[in-house]
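Computed from the coordinates by the stated procedures, all read-outs in this text should not be read as laboratory data. Nothing here was measured: the structure is a model prediction, and the numbers come from that model. Cβ sites come from the backbone with ideal geometry, for glycine too, and all protein chains shown count toward neighbours.
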Amino acid sequence: MNKQLTLLIFALIFFISCTKKKTEENKNMNRLADSKSPYLLQHKNNPVDWFPWSVEAFEKAKEENKPIFLSIGYSTCHWCHVMEHESFEDQQVAELMNENFISIKVDREEMPEIDHLYMSVCQAMTGRGGWPLTIVMSPEKEPFFAGTYFPKTGRGNRPGMLELIPSLMNAWNNKQEDIQKTIEQVNNYLDNANNIQPGSALNKKTIDDAYNNFIERYDKNFGGFGKAPKFPSPHNLLFLLRYHKAYQDTMAKTMVENTLSKMRLGGIFDHIGFGFHRYSTDQEWFLPHFEKMLYDQAMISLAYLEAFEISKKQEYASIAHEIFSYVARDMTDENGGFYSAEDADSEGEEGKFYVWSTSEIDKILGPVQGKQFTDVYGFNDNGNFHDEATGQLVPNNIPYLKNRIIDYSVKNNIDIKSLKVTLEKNRNTLFEYRRNRIHPLKDDKILTDWNGLMIAALAKGGTVLKEDKYTNAAERSANFILDNLRDENGRLYKRYRNGSTGLQPHIDDYAFFIWGLLNLYESNFNTYYLKSALELSEIMVADFLDKKRGGFFIGPNNGEKLIVRAKDSYDGAIPSGNAVAAMNFIRISKFTGDSKWEDIAQNTFLAFSESIKRIPSAHSFMLTSFMYGLDNPKEIVIVAKEKNAKTMSSIRKIQEVYNPNSIIIFKELKNRTELDNIAPWTTMHDTVNDQITYYICENFSCRRPTTDIDIAIKYLQ
């Protein structure tokens, strides 16, 4: 009885302690505690009195005549974590911010229009940008100061928050005339930047100028373009592959293949768990910034898939398989959607989850196998990379390859196939061991735009690699978006997390998701996805199109009212929404036979043509879209009595021909009504002698139909 009473007392004390702790935690939370964004939730316990972007915040700023301190970042941003720890978790800094500002936190992945607008201000004012993005502005959303990362106290030429805040408040209270002058200059800049008049038509010269710029910047030793840091920028590689196809330029293909091969050998690739890290801090693709983004996996896999299509080299197909394995294992929600990102940091240290000591490898694999693995993957007992901040050698290792598998097999007289089998077995052992480490944060929000990219990649993978599991994964995600991220009028929402849907959509949500739906149709030929792509395209035109000047605004007609309504044409880490929209609409015009879609695409090219001509290589995906119409685009109609294994096998053979500027329509005679409504120009297409029949067309003018697949392939080539 005494023992039971003692246990009861301990349980009661524990309960009271937990309740008290919970109460204290809740008491210390700011307004971000109610957010669905993992990034905003990271800041919910800061002593800074954060607001989300909201009417309440701006009204309070007006009432109290305080400037807005706007901080924009994202959940897997390393320097965002650093600034939070140094400044936003600091009581002294927080007191200064709370006394002088209304402070707003924004997740750039949820509100890209806000991020784009204020990032353009930062770049104009300081000559550079990045995250965390720091903006100080009036209650009317008009910025007068911009920067990125600021520590608590100054370092070198970089002021700290303790110096910055008093200086800004002195200006706010005593130098309003100067502030208003800055605001006026910023507003004029934004007006000019976002009111570009349509220019003259693009032409082959613009395409060649972009290509020549890539030639000038190409790193023949390590692949990629420029020196350090190096970003994969797979949309540039897609442009070069299409350029090679259109103009038979072998150097374009060489640049892509060298880049893709060197990326896979470097530390930017996770050799233990697969998937690509964000970028390489050095020229050789060795030392990565360790975060992993869904959009990188999608776009990079598309580049490897097209490289495989054009070269038939199995290594590119294998790498696409590896990327898809990572996404399926670590980035897929049980309902089919895809998560956004994984952090670079774990246990407060960047890359800790991914690096190894030689002694650790020996302990796990044994001294013989361990030595083999560390030799092949470039390990040193003292570490193989230096800390960026201190320049000191770190006593850990990043796995990377160069050409060591071949060198090791030759040097040690080991059959290379046998060596690869052993290395794969040991890689899997290390992967299982790594599972028990403390994992980096996973940003588990499901974004419509990034899911669209992943759907496009997986659907393409299903087609090119002839793997139904990839098509099925794309279909699950598409169904999830269509079922959970649309309102009663069919308009998209931006984000889903923990059972909650919300946030206004942006151009990327429509453009990227439509891209995914079109690729999915060409993978499984379910007309539901083609029909959905058309419906969303109509909404996109109604809500985003600039009917006067062409092109699409980032935000919708009824969206957040900012200083200006921005449009964008530059590619960043991913292609611009306008470039993808142009590609989509050219494809849709080929599917439907309706020229209005191609007219919208051509007007989009004209809307941004002057910007494109100034910096062609920064618009590589726009030029890829433009090239679509120059390279004899084809409409391929395949007609059969029903969709069965034989029919799909024939379609896949047609799809083996690398012909990126084409569309394929499959017409199943027993279920033709919906397709006839979508593509009325195919109404008269029928089988010949009840056999699978191929129509190869250009501008809807078709060659004689054939039942011989070899003749159809010859027409395509």
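Whole-Hz Karplus values for region 277-289 come out as 6, 4, 6, 9, 7, 10, 6, 9, 6, 8, 9, x, 8 Hz, taken residue by residue from phi with 6.51 cos²θ - 1.76 cosθ + 1.60 and θ = phi - 60°; glycine and proline positions read x. The tail of the calculated P(r) for region 247-287, taken as Cα-Cα distances beyond 14 Å, holds 51 percent of the pairs. Taking the alpha-carbon centroid of each part, what is the distance from region 585-651 to region 672-716 in angstrom? Centre-to-centre (Cα) distance: 19 Å.
Please report the orientation-averaged projected area of region 77-163, defined via the convex hull of its C-alpha atoms, in nm². Before the final figure, lay out each step's value.
Numbers: hull surface 23.1 nm².
Average of the hull's projected areas for region 77-163 equals 5.8 nm².
If the viscosity is 0.692 mPa s and the temperature 37 °C, what Stokes-Einstein diffusion coefficient in µm²/s follows for region 408-529 when Rh is the Kirkwood radius over Cα pairs? Don't jump to the answer; show the numbers that get you there.
Working: Rh = 17.1 Å.
Approximately 192 µm²/s, per Stokes-Einstein.
Given R0 = 25 Å, the distance between the Cβ atoms of LYS363 and GLU388 translates into a calculated FRET efficiency of 0.35.
When you filter the trypsin sites (Lys or Arg not before Pro) in region 630-717 for DSSP loop state and at most 14 other Cβ atoms inside 10 Å of their Cβ, you are left with LYS641, ARG703.
Report, by chain and number, residues whose modeled amide H sits under 5 Å from the one on HIS386, excluding near sequence neighbours (fewer than 5 apart, same chain). Under 5 Å from the amide H of HIS386: VAL394. For region 494-501, backbone phi angles converted through the Karplus equation (6.51, -1.76, 1.60; θ = phi - 60°) give residue-by-residue couplings of 8, 9, 10, 7, 6, x, 10, 10 Hz, Gly and Pro being listed as x. With both labels modelled 7 Å from their Cα along Cα-to-Cβ, the GLU56 to LYS312 distance reads 6.3 nm. Sequentially through region 675-682, phi angles give Karplus couplings (6.51, -1.76, 1.60; θ = phi - 60°) of 5, 4, 5, 6, 10, x, 5, 9 Hz, Gly and Pro residues having no value and appearing as x. Stretching THR687 away from ASN558 to a fully extended chain increases their span by 41.7 nm, per 0.36 nm per residue minus the current alpha-carbon distance.
Taking 56 Å as R0, compute the FRET efficiency from the Cβ-Cβ separation of SER649 and ASN45 and round it to 0.05.
Details: r = 57 Å, r/R0 = 1.03.
Taking R0 as 56 Å, the efficiency between SER649 and ASN45 is 0.45.
Order of ILE268, ILE300, ILE696, ILE438 from fewest to most other C-beta atoms within 10 Å?
Working: ILE268 30, ILE300 26, ILE696 22, ILE438 8.
Ascending number of Cβ neighbours within 10 Å: ILE438, ILE696, ILE300, ILE268.
Think of it as helices only: each DSSP H run of n ≥ 4 in the chain is worth -39500 (n - 2.57), and spread over all residues that comes to -16500 deg cm²/dmol at 222 nm.
Among 501-509, 484-492, the peptide with the highest mean count of other Cβ atoms within 10 Å heads the list, and the full ranking is 501-509, 484-492.
Eigenvalues of the alpha-carbon gyration tensor of region 27-193, scaled by 5 and square-rooted, set the equivalent ellipsoid semi-axes at 22, 18, 17 angstrom, largest first. For ARG565, no residue has an amide H sitting under 5 Å from its own, ignoring neighbours fewer than 5 places away on the same chain, with H placed 1.01 Å from N.
Entry note: region 634-716 has Rg to Rh equal to 0.92, where both radii use alpha-carbon atoms and Rh is the Kirkwood radius. Among the lysines of region 400-449, pairs at least eight places apart or on separate chains and with Cα atoms under 23 Å apart come to 7.
What pairs from LYS204/LYS312; LYS653/LYS714; LYS62/LYS567; LYS494/LYS590; LYS141/LYS181 go past 18 Å between their alpha carbons?
Numbers: LYS204/LYS312 28 Å; LYS653/LYS714 12 Å; LYS62/LYS567 28 Å; LYS494/LYS590 28 Å; LYS141/LYS181 15 Å.
Pairs exceeding the cut-off: LYS204/LYS312; LYS62/LYS567; LYS494/LYS590.
The eigenvalues of the Cα gyration tensor, multiplied by 5 and square-rooted, give region 354-436 an equivalent ellipsoid with semi-axes of 23, 16, 10 Å from largest to smallest. Centroid-to-centroid, using Cα positions, region 36-93 and region 341-411 are 37 Å apart. When peptides 210-219, 565-574 are ranked by their average number of other Cβ atoms within 10 Å per residue, the highest-first order is 565-574, 210-219. For the chain, the relative contact order is 10 percent, taking Cα pairs closer than 8 Å that sit 6 or more residues apart in sequence and dividing their mean separation by the residue count.
Dividing the convex hull volume of the alpha carbon atoms of the chain by its residue count gives 206 Å³ per residue.
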